[in-house]
Amino acid sequence: MRAVLAWKESVRDQCVYDLAFKPDGTQLIVAAGKRVLVFEALDGAIHQPLKGHKDTVYCVAYAKDGKRFASGSADKSIIIWTSKLEGILKYTHNDSIQCLAYNPVTHQLASCSTGDFGLWSPEQKSVNKHKVSSKITCCGDEHNDILAVADWGQKLSFYQLSGKQIGKDRTLSYDPCCVSYFSKGEYIVMGGSDKQASLYTKDGVRLGAIGEQNSWVWTCGVKPDSNFVVLGCQDGTITCYQLIFSTVHGLYKDRYAYRDNMTDVIVQHLITEQKVRIRCRELVKKIAIYRNRLAIQLPEKIFIYELHSDDSTDMHYRIKENIGRKFECNLLVVCSQHIILCQEKRLQCLSFTSVREKEWVMESLIRYIKVIGGPQAREGLLVGLKNGAILKIFVDNPFPITLLKLSTSVRCLDMSSSRNKLAVVDEHNTLLVYDINNKELLFQEPNANSVAWNTQCEDMLCFSGKGYLNIKASNFPVHQQKMQGFVVGYNGSKIFCLHVYSMSAVEVPQSAPMYQYLEKKMFKEAYQIACLGVTDSDWRDLAIEALEGLDFDTAKKAFIRIRDLRYLELINSIEERKKRGESNNELFLADVCANQGKFHEAANLYKRSNQEARALSMYTDLRMFEFAKRSRDLMTKQADWAKSSKEPRAAAEMYLTAGEHLKAIEIIGENGWADMLIDIARKLDKAEREPLAKCAHYFKKLKHHGFASETYSKMGDLQALVQLHVETRHWDEAFSMVEKHPQFKNDVYVPYAQWLAENDRFEEAQNESENQCSDMLSKFNRFQHLAELYHVYRSIQRYTDEPFSSHMPETLFNICRFLLNNLTKEIPPGISKVNTLYALAKQSRKLGAYKLARYSYEKLQELHIPSRFQDSVEVGSLTIRSKPFHDSEDLIEGMMCYRCSTNNPLLNSQGSVCINCRQPFIYSASSYEVLPLVQFYLEEGVSDEEAVSLIDLEVPHLDQKDTEWHNADSGEPQSLRIDDGFSEVEEDPFTAKMTFEQGGSEFVPVKVSRTALRSMSRRDVLIKRWPRPLKWEYFRSLLPDVSITMCPTCFKMFHSEDYELLVLQHNCCPYCRRPIDEPN
């Protein structure tokens, strides 16, 4: 720690009794004589003296908010000043003022005199004063938890705020007059009769002196959040010092030791990030670390520590030796059995028992010293001098060895792991690298402030400078990246960097130097660099480059690292061939190129190695026949000659060798050689469809249906396979295919029915046809149902995903209920029950269906909720419990069954049917409200045409003012119009048909006779005229006043007003999107 004078001022013949900093550190308030002086804290420039007191000013204090400060005087008065140096308030005590203090939270001022104390706050009009029985000498209101007390009994004590003393009293050698904490409480400044200020730790350990003065130091203060200390003396001198705390540390490989809080040493393992703290309770002056040794120099002794075990991760240190002597040195180094003390030009080697064994005196000042390893008690030291000399010293040798002599001073040194190269940073920030054996300068680099060799790689070093980290491998160009601080170590892929007071391990990928070695085809060196740490893609590049360079050993290691079995098998095969005596590198390289997909290069290499057959085989296997055309033409001509010479088997084999599979198959098929044919079919790739189809054709021709089936399966030609089973009358196999692939039903069942009819099995044929028709109808009904579910879910999806909805709350409420009522068995893919329940819960709450909303939230809790809904669902689940546990009556009435007049629940586990009569509800396809319609069926013997003619008959007592009915055959929508007239109420035969047995579990449909049909009015009946073989559907409106419209295309029903509005908006049906002007 050093104290540097920042500025100094003097107040003539006046004692400086007190001083205080403004909380932001810009102003210094000083009590001197009868005046209050205001200084600029930065340079000591005085603003102006403040006059207002009539006697000596004893104390000053600044409020923590920086808005005002106070001064107290022997004239018994306190003056409150603003930060603009204006007096705003003055009040008095009965005796002279001794001390002042502001509360840091409430900004309340405590003023103390010899006989009482007062409390003043800005919002009070008067000051509350309290008498005391003895003289008050000091007061404080700090946020520190520990109270430091110094008295003229020359003792320093520490207390908790409860009054309990901490530790023992510390004896002082002077009478203390002032004590002040640093802003964060880490240090204490104290001054007094010894005419200087001293710096102490928060535990009371003295660290050093701050400036010698000519008189007693009466007051001291620490500038907030800084290392500046101001002293006020009895002779009127005001001095400001800046405290500079130097870094005391040591590094060996991955262990870093540094000083903390001036009295502690922390040893940090830079790889595992483990830390251990050693408490010395005295000022730590020097630190040195080497292998398992740690040396700590204190003012009067040196401690030598050693590790508890040989484990590389062990962090437990224990004291080995205690050298109880005071040493003066600039640098300290520790070895396995010695410590080295450096004092200017002198080096002393001492044993751990304090015996001086050797001493070296240099010709110039020592600037740098480092242990470079060696056997125990024979370690080597690397020493750099100010005159540029670089020496190597062994602790057991009294004679230094001169390695180099530079023209400039040495700043930093390091030696490579093999001791063959030396890196030096000189005072001009130039990095110089020398070969130690021949003293040759290998290279130099500018802008360096520190350097370190890689401990695991001989040819790699790094250096820092001007905000950059530079990595250099061999003689390659430097690779740069930004980094603040100094490089102090380089181990593998980790670079140890010291920035200000913190040491960090920077992980640096070694990709750049690795590629530099690859460019020079130095594969083994590149592999060594890669082992320090590169990415998987870098490993692959290294492996490929080494393989292409025929360095199979390096390539094999790299491919093992990335676990590439394909290339490892190739390398193993090449190694086996080399063991058998093959030595043609071009042939090996051709195999490598072929594996890499470089087929043309591989072919050229094969030709140069007189291995054209391999090139032909490669192109043939790859189906790259145009590149093997010359060789193939020759083989084809030989096959043509064999065919014309009546040697079909030889011709077929030649055609196969030349890749002419079609010609070979034709010869083999014509000759009926089934064994050769099946061999070819099994060897052909499934992508060669034409030759495979030819094989299957000949198998069918030769009655080998099993081989034909196998071939079609390999091709994936399911249509041909089904046709084969049908032609061969293998109906079981055909039906098995249909079960797996329903699209072939017509291809199987129609021929099967025809075959049954041809074989006089007419009943079976008819049943087969009816079964197929039944399947088609069930599919139609299923797809109709799914279409409606997806149609309504689209509205829910848009509501949950988009910020705005075009639907009214009632519509969304009805849509959600409709969808959930239809999801009782299975949920189609793409429909989210979570989204549906979420939308239902939100709309139920809006419309007053609180019971249903609570049910929805409870169901949501059982499902996996997306994170975007999580908060909303949790809040909704809590707040809905504050609502009544019932639903709105209006909503329940909307679910009345128009057949039995039963009010149904809003959600029904049985589906969209009445819970009483099981009658299905008919919904509007726009608002999804229940329509007042009941579906009815025709009795046996009544055809659709007869039913329509009976309904169209004129009904007596019908008001002729009914609105016109638009027939669905015209292509216009069917509409039920409001009848303004009223007819006499007569007994309706249809109403009688709606009765059913109460409590029955089965649905009883409404079946009507001719009489009931004749009694119906055409305006009350809607008919869905489905095309054959679908059946027509009939619906009777029970509320003729409610106008209902049905789309003539999709047969969906709507409230007429809704339908007309939607048609005006979109010019099409809102469900099936059929344009209105399009003919039906």
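The values are calculated or read from the model by the stated rules, or taken from the named source; none is laboratory data. Computed from a prediction, not measured in an experiment: that's the story for all the values here. Please note: Cβ atoms are built from the backbone with ideal geometry, for glycine as well, and neighbour counts cover all protein chains shown. Calculation scope for accessible area: heavy atoms of the full protein, side chains included, ligands and nucleic acids excluded. Shrake-Rupley method; radii C 1.70, N 1.55, O 1.52, S 1.80 Å.
Here the spin labels are modelled as points 7 Å beyond Cα on the Cα-Cβ line, and at T408 and E826 they lie 8.4 nm apart.
Remark: the S537-N1067 segment gains 184.8 nm on full extension, using 0.36 nm per residue and subtracting the alpha carbon distance. Ranked by the mean number of other Cβ atoms within 10 Å of their residues, highest first, the peptides 164-170, 221-227, 153-159 come out as 221-227, 153-159, 164-170. For segment 836-852, the residues whose backbone nitrogen is under 14 Å from a point 7 Å from the Cα of T879, taken along Cα to Cβ, are 841-848.
Choose one of L207, H791, T171: the residue whose Cα lies farthest towards the positive end of the charge dipole of the chain (beta-carbon charges +1 Lys, Arg; -1 Asp, Glu; about the Cα centre). So the residue we want is T171. Axis angle, to the nearest 10 degrees, between helix 867-879 and the longest C-alpha principal axis of the chain: 90 degrees. Restricting the GluC sites (Glu not before Pro) of segment 779-861 to loop positions (DSSP other than H, G, I, E, B) with no more than 16 neighbouring Cβ atoms within 10 Å leaves E826. Helix 661-671 against the longest principal axis of the chain: what's the angle in degrees, Cα atoms only, rounded to the nearest 10? Compared with the principal axis, the helix lies near 40 degrees.
If you take the Cα centroid of segment 775-848 and the Cα centroid of segment 854-908, the two points sit 15 Å apart. Once you sort the root eigenvalues of the Cα gyration tensor of the chain as a ≥ b ≥ c, which label holds: rounded (a/c under 1.5), prolate (a/b larger than b/c) or oblate (the other case)? Here the chain falls in the oblate category. Here the accessible area is traced with a 1.4 Å probe on the protein chains. For the chain, carbon and sulfur cover 48 percent of it. Every helix of 4 or more DSSP H residues in the chain counts as -39500 (n - 2.57), and over all residues that averages to -9500 deg cm²/dmol at 222 nm. With both labels modelled 7 Å from their Cα along Cα-to-Cβ, the N585 to E810 distance reads 9.0 nm.
Here the dipole of the chain is about 6620 debye; that uses its Cα centre as origin and unit charges on the Cβ of Lys and Arg (positive) and Asp and Glu (negative). First check a/c for segment 412-488, with a ≥ b ≥ c the square roots of the eigenvalues of its C-alpha gyration tensor; if it is under 1.5, answer rounded, and if not, answer prolate when a/b is larger than b/c or oblate otherwise. Prolate is the answer for segment 412-488, as a/c is 1.5 or above and a/b outweighs b/c. For GluC sites (Glu not before Pro), the sites in segment 185-290 that DSSP calls loop and that have at most 14 other Cβ atoms within 10 Å are E186, E273.
Using the Cβ-Cβ distance between Q154 and S134 with R0 = 22 Å, the FRET efficiency computed as 1/(1 + (r/R0)^6) comes to roughly 0.50. Look at the Cα gyration tensor of segment 435-538: its axes a ≥ b ≥ c give a/c of at least 1.5 with a/b at or below b/c, and that counts as oblate. Note on E1033 and K779: with the Förster distance fixed at 25 Å, the Cβ-Cβ geometry gives a FRET efficiency of about 0.90. Fully extending the segment from R281 to V4 would add 97.2 nm, taking 0.36 nm per residue of separation and subtracting the current Cα-Cα distance. Here's the picture: a label point sits 7 Å out from the Cα of I915 along the beta-carbon direction, and within segment 839-854 the residues with their amide nitrogen under 13 Å of it are 852.
The peptide list 724-731, 814-821, put in order of mean Cβ contacts within 10 Å with the highest first, becomes 814-821, 724-731. Per residue, the accessible area of the chain comes to 51 Å² when a 1.4 Å probe rolls over the protein heavy atoms. Looking at this model, which pairs from K326/K370; K358/K439; K22/K135; K155/K184; K370/K439 are more than 25 angstrom apart at the alpha-carbon? In this structure, K358/K439; K22/K135 exceed 25 Å between Cα atoms. If one computes the Cα centroid of segment 110-134 and of segment 360-403, what distance in Å separates the two points? One Cα centre to the other: 70 Å. Remark: for residue pairs K494/K520; K51/K129; K392/K482; K84/K129; K253/K421, the C-alpha separation exceeds 22 Å in K494/K520; K51/K129; K392/K482; K84/K129.
Peptide packing: for 1053-1060, 348-355, 576-583, 850-857, the average count of neighbouring Cβ atoms within 10 Å per residue gives the ranking 850-857, 1053-1060, 348-355, 576-583, highest mean first.
Given a Förster distance of 41 Å, report the FRET efficiency between K482 and M315 from their Cβ-Cβ distance, rounded to the nearest 0.05. With a Förster radius of 41 Å, E is 0.80. For segment 80-212, the dipole from Cβ point charges (+1 on Lys and Arg, -1 on Asp and Glu) about the Cα centre works out to 160 debye, to the nearest 20. Report, in degrees rounded to the nearest 10, the 0 to 90 angle that the Cα long axis of helix 1056-1066 makes with the longest principal axis of the chain. Tilt of helix 1056-1066: around 60 degrees. Taking a straight line from the alpha carbon of K700, these lysines sit under 30 Å away, with near neighbours fewer than eight places off in the same chain left out: K643, K646, K663, K683, K686, K714, K740, K745.
This model, with +1 at the C-beta of Lys and Arg and -1 at the C-beta of Asp and Glu, gives segment 252-375 a dipole about its Cα centre of some 260 debye. Distance between Cα centroids, segment 266-335 to segment 1005-1071: provide it in whole Å. Cα centroid to Cα centroid, the span is 97 Å.
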